[in-house]
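**Student:** Mind having a look at this structure? Questions to follow.
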Amino acid sequence: MPFTKKKTGEVDAVVVGAGFSGLYLLYKLRQHGFTSRVFERGGDVGGTWYWNRYPGARCDVESMQYSYSFDEELQQEWHWPEKFSAQPDILAYANHVADRYDLRKDIEFNVEVKKASFNEKSRSWQIETDKGEKIATQYFIMATGCISTAQIPNIPGLEGFKGEVYHTGNWPHKEIDFSSKRIAVVGVGSSGIQSIPVLAEQARHLTVFQRTPNYSIPSQNEPMTADYEKLWKSDYASRREEMRYTPHGSLKDLNDKSALSANEEERQLTYQKRWEIGGAGYLGAFNDLLTNIESNDTASEFVREKIREIVKDPVIAEKLSPKTYPIGTKRICIDSGYFETFNRENVELVDINEMPIEKITSTGLLAAGTTYCFDAIIFATGFDAMTGSIFNVEINGRDKKRLKEKWSGGPRTYLGLMTEAFPNLFMITGPGSPSVKSNMIMSIEQHVDFVLDSLIYMRNHELKLIEPQIKSENRWVEHVQSVANQTLFPRANSWYMGANMPGKPRLFMPYIGGVGQYRRICEEVVAKGYDGFKFEVNNTQVAAE
Ligand code: NAP
């Protein structure tokens, strides 16, 4: 379908972001004859995989599953070199998709959307970019990702540091030679844990500043074998269909048995087997690891015991052992030789609970009176997750209501897709949807399909606006929290809870009820004529039955 603008300056849809969400949105919008403009602040496609180029960056969902399923030819033709893909391979895949469907020509790179306002009179959105352009659009779709707004903590003195400063989530697009350098890494989440072993091999000396130790499971990554690839490709369509109705949008071996119903020997054997297989499947060892603290303790202790076995210095091993939250309630980390790295001569661990960072000096860092000198400081300190990249755009809805104000107590959505008073604004994998608690690409596909089905439905019924009913939104917000409260997740100071950002409301942001369950709910909503939404035909409201 050729790209034709409705009339000068006006399109059916404006999409923000050209990561995996934006690319698939553009493909589908085009396929169904909707005009669109896609804006991307980066210089090319790929979203999170465009920015997160730090050494060791890798996906912790298996490659055969972390990829699009919408086109059988695409999934048959693409070859993944490893079981868990490295960032360059995922970025190459995003580029392949952009080329294969000729998507780039409709994406404007290095353009940031700054403001979006709903115009009551025209019943459309007015979008403003950092280049000063204003665009009118019927639909406004945020495809900005969940963990895209990198955060550097507010440590005094940073601006005076004479060395190099990096953030893993905003890594330069060139090789950096650390070979003669003394470097600091602050933060031991997934990004820190992936980069530390690689940086330790490159740098002269590496000091890791840790606030909260993390549980990490070896990835046991390996080259893709022809047999494994064939196994998936011979049966891809039905495997994908099965994935769509699983708890996490991926095929994992989930043991449907309580950890407490097994005896000690069986438990240890089960954990050992999962450890040897590697990856996040460790948390599927028993069915109650994320709901029962006693069960969880057994899985947590197994990992602590592994850390004690791997790390030679018992004092360092203790510091690296997480004890303040249950395993899995912060995003589980998947590593390649992380704990082993602390046996190296050139690696030092600083626990900032004992040695609080006071300030950054011109030559390094001052912690509890001790001066550390560095050539480079790398912040692996995470993101303003789920809401950060949405708030980066000033969004004003009906009656000039600001989204940031509406969400000042935490995000409020219906199905994680839309929010009341902001008609025709869609969020792909927004807060209140499975999003980060799922195989992201499967969740992206489900949301994009939902959005396109809604647009087609509205076109067929000559409807102008779609918006959640406030009572459905309120019920959904309560449901998201009540499901989370039945689990151990609220016990951790995680970014899922907004706890990593000073001043951010503390509540569980993704929907943890399961990808399959969520999909069924969405299907039911559609089957009931968009239950919980209301529509407008010009200025007349029509509530869904
Ligand atoms: P993160 O999980 O939020 O970890 C940030 C780290 O920085 C934590 O150790 C945190 O300590 C520390 N930190 C934050 N502020 C600090 C401060 N002021 N002083 C000292 N330490 C501070 O961020 P991330 O590692 O970038 O990962 C974010 C998410 O991205 C992951 O959970 C995952 O979902 C995704 N990701 C996935 C992959 C993958 O697919 N393998 C790779 C990278 C990232 P506290 O724990 O004490 O807050």
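Here, each number is a calculation from the coordinates, and none is a lab measurement. All values reported here derive from a predicted model rather than from experimental measurement. Here the Cβ is made from the backbone with ideal geometry for all residues, glycine too, and neighbour counts use every protein chain on show.
**Student:** At 7 Å along the Cα-to-beta-carbon direction for both Ala92 and Phe70, put a label point, then send me their distance in nm to one decimal.
**Tutor:** 2.4 nm
**Student:** Here's another thing I want to ask about it. With +1 on the Cβ of every Lys and Arg and -1 on the Cβ of every Asp and Glu, and nothing else charged, how large is the dipole of the chain about its Cα centre, in debye rounded to the nearest 20? Present the calculation step by step, with values, prior to reporting the outcome.
**Tutor:** Values: 64 positive and 71 negative charges, 348 e Å.
Using Cβ point charges on Lys, Arg, Asp and Glu, the chain gives about 1680 debye.
**Student:** Please work out how much length the chain gains when fully extended from Glu112 to Glu159, using 0.36 nm per residue of separation minus the C-alpha to C-alpha distance, in nm with one decimal.
**Tutor:** 14.4 nm
**Student:** A further question follows. How much FRET efficiency would the formula 1/(1 + (r/R0)^6) give for Arg506 and Asp256, where r is the Cβ-Cβ distance and R0 is 30 Å, rounded to 0.05? Before the final figure, lay out the partial values.
**Tutor:** Details: r = 32 Å, r/R0 = 1.07.
Working from the Cβ atoms, E equals 0.40.
**Student:** For Lys401, give me every one of the lysines with a C-alpha distance below 26 angstrom, ignoring sequence neighbours fewer than eight places off in its own chain.
**Tutor:** Lys114, Lys115, Lys121, Lys131, Lys134, Lys464, Lys471, Lys504, Lys534
**Student:** Please rank Val448, Val483, fewest neighbouring Cβ atoms within 10 Å first, as an exposure proxy.
**Tutor:** Lowest to highest Cβ neighbour count: Val483, Val448.
**Student:** Which helices, taking whole DSSP H runs in the chain, have alpha carbons extending 27 angstrom or more along the helix axis plus mean Kyte-Doolittle at least -0.5?
**Tutor:** 440-460
**Student:** Excluding same-chain residues fewer than 8 positions from Lys400, which aspartates and glutamates have a Cα within less than 20 Å of its Cα?
**Tutor:** Qualifying aspartates and glutamates at Cα under 20 Å: Glu120, Glu128, Glu420, Glu467, Glu473, Glu536.
**Student:** Rounded if a/c is under 1.5, else prolate if a/b is larger than b/c, else oblate: which is segment 65-224, with a ≥ b ≥ c the root eigenvalues of its Cα gyration tensor?
**Tutor:** oblate
**Student:** With the crude spin-label approximation of a point 7 Å out along Cα→Cβ, what separation in nm comes out for Asn474 versus Glu266?
**Tutor:** Spacing of the two 7 Å Cα→Cβ label points: 4.7 nm.
**Student:** Apply the Kirkwood formula to segment 15-149: the hydrodynamic radius equals the inverse of the mean of 1/r over all pairs of different alpha-carbon atoms; give it in Å with one decimal.
**Tutor:** 15.9 Å
**Student:** Just from its helices, what would the mean residue ellipticity at 222 nm be for the chain, if runs of 4 or more DSSP H residues each count -39500 (n - 2.57) and the sum is divided by every residue, rounded to the nearest 500 deg cm²/dmol?
**Tutor:** -9000 deg cm²/dmol
**Student:** Which stretch or stretches of segment 202-237 have amide N atoms under 17 Å from the point lying 7 Å from Glu276's Cα along the Cα→Cβ direction?
**Tutor:** Within reach of a label on Glu276: 218-222.
**Student:** Next question, about the same structure. Which ³J(HN,Hα) values in Hz, rounded to whole numbers, follow from the phi angles of segment 48-53 under the Karplus curve 6.51 cos²θ - 1.76 cosθ + 1.60, where θ = phi - 60° and Gly and Pro get x?
**Tutor:** Calculated HN-Hα couplings, in order: 4, 7, 7, 8, 8, 9 Hz.
**Student:** Can you tell me which of 58-68, 431-441 comes out highest on packing, and rank the rest after it, using the mean Cβ neighbours within 10 Å?
**Tutor:** 431-441, 58-68
**Student:** Quick check for you: which residues of segment 374-394 have the amide N under 15 Å from the point 7 Å beyond the Cα of Arg204 toward its beta carbon?
**Tutor:** Answer for this model: 374-377.
**Student:** Picking from Asn493, Val14, Ile521, whose Cα lies most toward the positive end of the charge dipole for the chain (charges on Cβ: Lys, Arg +1; Asp, Glu -1)?
**Tutor:** Farthest towards the positive end: Val14.
**Student:** Sort out for me the Cα centre separation of segment 443-521 from segment 115-149, rounded to whole Å.
**Tutor:** 21 Å
**Student:** I've got another one for you. With a 10 Å radius around each residue's Cβ, average the other Cβ atoms per peptide and rank 308-318, 28-38, 46-56, highest first. It would help to have the intermediate numbers written out before the result.
**Tutor:** Numbers: 308-318: 14.3, 28-38: 19.5, 46-56: 22.6.
Going by the mean number of other Cβ atoms within 10 Å, highest first, we get 46-56, 28-38, 308-318.
**Student:** Arrange the following residues from fewest to most other Cβ atoms within 10 Å of their Cβ: Asp351, Asp106.
**Tutor:** Values: Asp351 19, Asp106 16.
Listing Asp351, Asp106 from fewest to most nearby Cβ atoms yields Asp106, Asp351.
**Student:** Now for a different question. Sequence neighbours fewer than 8 away in the same chain don't count; with that in mind, list the lysines whose C-alpha is under 26 Å from Lys252.
**Tutor:** Of all the lysines, those that pass the test against Lys252 - Cα under 26 Å, at least 8 places apart if same chain - are Lys83, Lys230, Lys233, Lys273, Lys306, Lys330, Lys437.
**Student:** Next up: 7 Å from Cα along Cα→Cβ at both Gln517 and Tyr457: what's the point-to-point distance in nm?
**Tutor:** 2.3 nm
**Student:** Near the amide H of Ile217, under 5 Å away, which other amide H atoms are found, from residues 5 or more places off or on another chain, if H is placed in the peptide plane?
**Tutor:** Cys333, Ile334, Asp335
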